[in-house]
Amino acid sequence: MDLWILQKRPSGLLEPFELTRLREEARELGIRAEAVAPEEIDLIVSRGGRRSIRRCGIEVDLPDALLPRTGSATDYFSLAILRQMEHLGVQVINSSQAIEAVKDKLYSLQILAQNNLPIPRTMLVRFPVDVDLVAQQIGFPCVVKLLVGSYGEGVLLSRDPGSFRDLMEMISSLDRSQAVILQQYIGSHPGQDLRVWVIGGRVLGAMLRSSADGSFKANISRGGNGQPYRLRPEVERLALNSAAALNLDIAGVDLLFDHDQYSVCEVNSAAGFAGFEAATGLNVAGAILERCLERSSKESISPAVGQCRADPIPVCPTH
Ligand SMILES: Nc1ncnc2c1ncn2[C@@H]1O[C@H](COP(=O)(O)OP(=O)(O)O)[C@@H](O)[C@H]1O
Ligand SMILES: [Mg+2]
C-alpha cells in the first residue's frame, strides 16, 4: 500500500514524534508511507476521473490511502485536498467531513447532543454577554473556550461573574467576531480526564491524564502525566458511540469524570499519541496503519480503475 500522511511542515528541525512512529510501523507492515505537506499539492479541479495529482510541480500517481494528521489546524486548503482525494477514489482516513465537523467544538458537541451522548452544558457567546443568563444556564466557575483550538491553549476557567464580565469585555474589544463557547465546569476530578483511542470501531485503550501544575486542564502537551486506565464497559461504550456519531474511524476521545459517570469533553481527529504510547505501552501508530491497510484492501475496487505506478514520487526538499 502507498500511504500519504498529510501533515503540516514542522516549524522546527525535528520531525513530530507521531510521524517518526508512523514511519517506523509502516516499515514493519510493508507500507510505503510518505509525509506530504498541503503546500506541496497544486489543486486543479477538472472533469473526468484522473488518477494523478500535482505534487511539487510534477504529476504523480495517487496513493492508495491518505492519513490526514492536521487535526484542528486543518485549514480550507487541506480540506479541499482531502475532498479532491476522496472524489478521486483515495481512501481518506478520517474523512474530510468528519475532520471538518470535529474541528468546530460547538458543532461537534451539537452532533454528540443530537445522539443523546452526555456533554457539559454549553452555550455560544453573543456579545454583549448577558452575565445573569450565563450564571443561570451555565453557572460559575465556567469554562471559556475558543471555537477552534488544541493543546488546551484556547481554554480557561472563569471563577466568578466579576472576572467573567471583564474577560468578555476584553474579548469583545479585541475581536467581536471571535466565536467563544461557555461550558459548565465538570469539577468532580479537578485536573483529570481520560483519553480513549478508538480505531476502526474498536477501543485500543485508555489513559488517565492528570495536570501536574494545579491547572484544571489535563493536556499532556501542557506537562500533564499519563497513566494506563483500566477500561470499563461504560467508557468503551461512550468512546465508541462518540467516534461513531462524529463519523471518525480514528479518534482520540476525551472524557471528563462527572461524579460516577462520564461526560464527553471533545473528540480529536488526529490526536498526538506520544504520551499515550509511553503511558500504556500500546502501539497506536501500528493500529492506525493496520486500519488504513484494512480500509484500502476492503475498498480496493475504487471508482476509478487503478493503474501501474510509472513515475517515482518526487521527494520535496523539506520532507
Ligand atoms: N467543561 C469542562 N470541565 C472541566 N474540565 C474541562 C472542561 N473542558 C475542558 N476541560 C479540561 O481542559 C482540557 C482542554 O480542553 P479541550 O476542550 O479538550 O481543549 P483542547 O482542544 O485545547 O485540548 C481538557 O482536556 C480537560 O482537562
Ligand atoms: Mg483536548
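Could we say that L208 is modelled with pLDDT of 95 or more, away from ligand 2 (no atom under 16 Å from the Cβ) and not in a loop (DSSP other than H, G, I, E, B) here?
On the way: modelled with pLDDT of 95 or more: yes; away from ligand 2 (no atom under 16 Å from the Cβ): no; not in a loop (DSSP other than H, G, I, E, B): yes.
For L208, the condition - modelled with pLDDT of 95 or more, away from ligand 2 (no atom under 16 Å from the Cβ) and not in a loop (DSSP other than H, G, I, E, B) - is not met.
Check the stretch 60-75 and report whether any residue there is out of contact with any strand residue (DSSP E or B) (no Cβ under 9 Å at 6 or more places or on another chain), within 25 Å of F17 (Cα to Cα) and free of Cβ contacts under 8 Å to residues at least 60 places away in the same chain. Quick ask: steps written out before the conclusion?
Residues of the stretch 60-75 out of contact with any strand residue (DSSP E or B) (no Cβ under 9 Å at 6 or more places or on another chain): 73, 75.
When the remaining residues are screened for being within 25 Å of F17 (Cα to Cα), the result is 73, 75.
Next, only the ones that are free of Cβ contacts under 8 Å to residues at least 60 places away in the same chain stay: 75.
Yes, the stretch 60-75 contains a residue that is out of contact with any strand residue (DSSP E or B) (no Cβ under 9 Å at 6 or more places or on another chain), within 25 Å of F17 (Cα to Cα) and free of Cβ contacts under 8 Å to residues at least 60 places away in the same chain.
State all residues of the stretch 102-131 that are within 16 Å of V144 (Cα to Cα) and charged (D, E, K, R); if no residue qualifies, say none.
Across the stretch 102-131, the qualifying residues are D104, K105, R121, R126, D130.
Restricting attention to the stretch 94-105, does a residue exist that is surrounded by 20 or more Cβ atoms within 10 Å (Cβ to Cβ) and part of a loop (DSSP other than H, G, I, E, B)? Give the derivation first.
Filtering the stretch 94-105 for residues surrounded by 20 or more Cβ atoms within 10 Å (Cβ to Cβ) gives 94, 96, 98-99, 101-103, 105.
Subset that is part of a loop (DSSP other than H, G, I, E, B): 94.
The answer is yes, given that some residue of the stretch 94-105 is surrounded by 20 or more Cβ atoms within 10 Å (Cβ to Cβ) and part of a loop (DSSP other than H, G, I, E, B).
What is the one condition in (1) under 18 Å from the mean Cα position of the chain (by Cα); (2) within 13 Å of ligand 1 (Cβ to nearest atom) that G201 does not satisfy?
Unmet condition: (2).
Only one residue in P190, P228 is surrounded by fewer than 16 Cβ atoms within 10 Å (Cβ to Cβ), closer than 30 Å to V129 by Cα and touching a residue at least 12 places away in the same chain (Cβ under 8 Å), so which one is that? Break it down into steps so the answer makes sense when it comes.
On the way: P228 fails: closer than 30 Å to V129 by Cα.
One residue alone meets the criteria, P190.
Would it be correct to say that S269 is within 14 Å of ligand 2 (Cβ to nearest atom) and surrounded by fewer than 17 Cβ atoms within 10 Å (Cβ to Cβ)? Walk me through how you get there before you give the answer.
Working: within 14 Å of ligand 2 (Cβ to nearest atom): yes; surrounded by fewer than 17 Cβ atoms within 10 Å (Cβ to Cβ): no.
Judged against the criteria, S269 is not a match.
In the stretch 73-86, which residue that is closer than 14 Å to K8 by Cα and in a helix (DSSP H, G or I) is nearest to the chain's Cα centre (by Cα)? Walk me through how you get there before you give the answer.
Of the stretch 73-86, the ones closer than 14 Å to K8 by Cα are 73-79, 81-82.
Filter once more, so that each one left must be in a helix (DSSP H, G or I): 73, 76-79, 81-82.
Values: A73: 9, Y76: 16, F77: 17, S78: 14, L79: 13, I81: 17, L82: 15 Å.
Within the stretch 73-86, the match that is nearest to the chain's Cα centre (by Cα) is A73.
Cβ-Cβ distance below 9 Å, separation of 6 or more or different chains: which pairs start in the stretch 93-110 with a residue that is more than 11 Å from ligand 1 (Cβ to nearest atom) and end on one that is of a type in the set (F, W, Y) and in a helix (DSSP H, G or I)?
Short answer, once both residue conditions are applied: E100/Y107; A101/Y107.
Any residue at all in the stretch 157-170 that's in contact with a Lys or Arg (Cβ under 8 Å, 6 or more places away or on another chain) and within 15 Å of ligand 2 (Cβ to nearest atom)?
First pass over the stretch 157-170, keeping only residues in contact with a Lys or Arg (Cβ under 8 Å, 6 or more places away or on another chain): none.
Checked against the condition, which is being in contact with a Lys or Arg (Cβ under 8 Å, 6 or more places away or on another chain) and within 15 Å of ligand 2 (Cβ to nearest atom), the stretch 157-170 yields no hits at all.
Is it true that S173 is surrounded by fewer than 21 Cβ atoms within 10 Å (Cβ to Cβ) and within 16 Å of ligand 2 (Cβ to nearest atom)?
Values: surrounded by fewer than 21 Cβ atoms within 10 Å (Cβ to Cβ): yes; within 16 Å of ligand 2 (Cβ to nearest atom): no.
No.
I'd like the full set of residues that are surrounded by 14 or more Cβ atoms within 10 Å (Cβ to Cβ) and assigned to a loop (DSSP other than H, G, I, E, B), limited to the stretch 135-167.
Within the stretch 135-167, I138, F140, P141, L147, V148, G149, S150, G152, G154 qualify.
Which residue, of P128, P120, is in a loop (DSSP other than H, G, I, E, B) and closer than 30 Å to G275 by Cβ?
Details: P128 fails: closer than 30 Å to G275 by Cβ.
Checking each option against the conditions leaves just P120.
The values are calculated or read from the model by the stated rules, or taken from the named source; none is laboratory data. The shown structure was predicted, so the numbers you read here are calculated from the model rather than taken from an experiment. Cβ coordinates were reconstructed from backbone atoms using ideal geometry, including for glycine residues, and neighbour counts include every protein chain displayed.
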